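Everything on this sheet refers to the single structure shown next.
The values are calculated or read from the model by the stated rules, or taken from the named source; none is laboratory data. In this text the structure is predicted, and so the values were computed from the model without any measurement. All Cβ positions, glycine included, derive from the backbone under ideal geometry; neighbour counts span all protein chains shown. The protein model used for the area step is the full one, side chains on, heavy atoms only, and it has no ligands, DNA or RNA in it. Shrake-Rupley method; radii C 1.70, N 1.55, O 1.52, S 1.80 Å.
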Amino acid sequence: MTTTESAPAAGTAAAGAPRGRGKSDVQGTRRLAALLLSPTLLVLALVIGYPVLAGFRESLYARGEGLDADGFVVEGDRFVGLGNYTAIFQGDRADAFWNAFSNTTFFTLTTVVLETVIGVAMALIMQQAFRGRALVRASILVPWAIPTAISGLLWRWIFQADGAANAVLRQEILWTADGFPAKAAVVIAEVWKTSPFIGLLVLAGLQMIPRDVYEAARVDGAGPVQQFFRITLPLVKPALLVAVLFRMLDVLRMFDLPAVLIGVNQKSVETLTMIAWFEASNLRYGSAAAYATILFLYIALIAYLFVKLLGADIIGEARQRTRRPRAVRPARAGRRAS
């Protein structure tokens, strides 16, 4: 009786020892990770956190002359609270803000959708094995390597009244004037320049897919279209989502391309970044900081929704995979002890 009772007790003690060691190892790993990440977090706090807080503080002040409560003239920075924010949504400034907001959203949606379709097509072409593939890959990446200002000047020459675009279309379209043609010109130039970026990231994802998967699909009778939607697109989804997210965040702060291609103070292409720059160039730093803060919140909201809607399932599956072995181990240990 004594020996049979001591055996399970020894088994439970032996089973409990690895658990304690496992918890201590996990805590030690977390502490080491926090220690190694602390310099990076400190740099991010100084480079990103401080400018954001400083910009928000600046948006609460107004620079210039004004009258205080006693009627005396006051110069310099005056605390106005949320006055710069409320002024954005009132009067003529409200019309300018909503126009810039709609232009920013329009450019983001149209360019990202077109760039995704064209970028995936570029990646599929660059993935194929054919003669001259290296030359094709290099030529596709050339537009992305050109600086945006130079790209804007090139497309401005193309979209002139006597430029190549009207010569090909055989029509007289004022591409660089204010109106919808100006929006189309910005979209075309932006898609031409940045589609290779998505193609490059998607190509990296395609090269990670084993060829055995496609061979098995061909044996099962799957055609090219079925292989793309059932194999290629799901397996390349993580790289594609990262590329689309980066492009969305980049287009939301678009400034240089429409400024060089069309010009500033053009209602049809004016974005939130351009209107913030215009306010800062007129020494209205508080109003410019308010526009910049609103743009920051807009970008943060879009990024959060994008990651939450499209990346939450991946994170949840990863957590479940890490938790499942921990739940199985005690049962196995109990069976061995019995």
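Key figures for this structure:
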read-out: Globularity ratio of the range 206-271, using Cα Rg and 2.2 N^0.38 Å; value: 1.84
read-out: Rg(Cα)/(2.2 N^0.38 Å) for the range 93-314, N = residue count; value: 1.18
read-out: For q = 0.10, 0.20 Å⁻¹, Debye-computed log10 I/I(0) when each Cα of the range 108-230 counts as one equal scatterer; value: -0.44, -1.13
read-out: Mean separation of Cα contacts under 8 Å, 6 or more apart, over the residue count of the range 93-314: relative contact order %; value: 29
read-out: Efficiency of FRET from Cβ geometry, PHE180 and LEU36, R₀ 45 Å, rounded to 0.05; value: 0.30
read-out: VAL117-ALA303 FRET efficiency (beta carbon distance; Förster radius 22 Å; 0.05 resolution); value: 0.50
read-out: Additional length obtainable on full extension of the chain from ALA54 to PHE101, 0.36 nm per residue less Cα span; value: 14.6 nm
read-out: Contour minus Cα-Cα distance for ILE150 and VAL225 (0.36 nm per residue); value: 23.1 nm
read-out: Accessible area per residue in Å² at 1.4 Å probe, computed on the range 93-314; value: 53
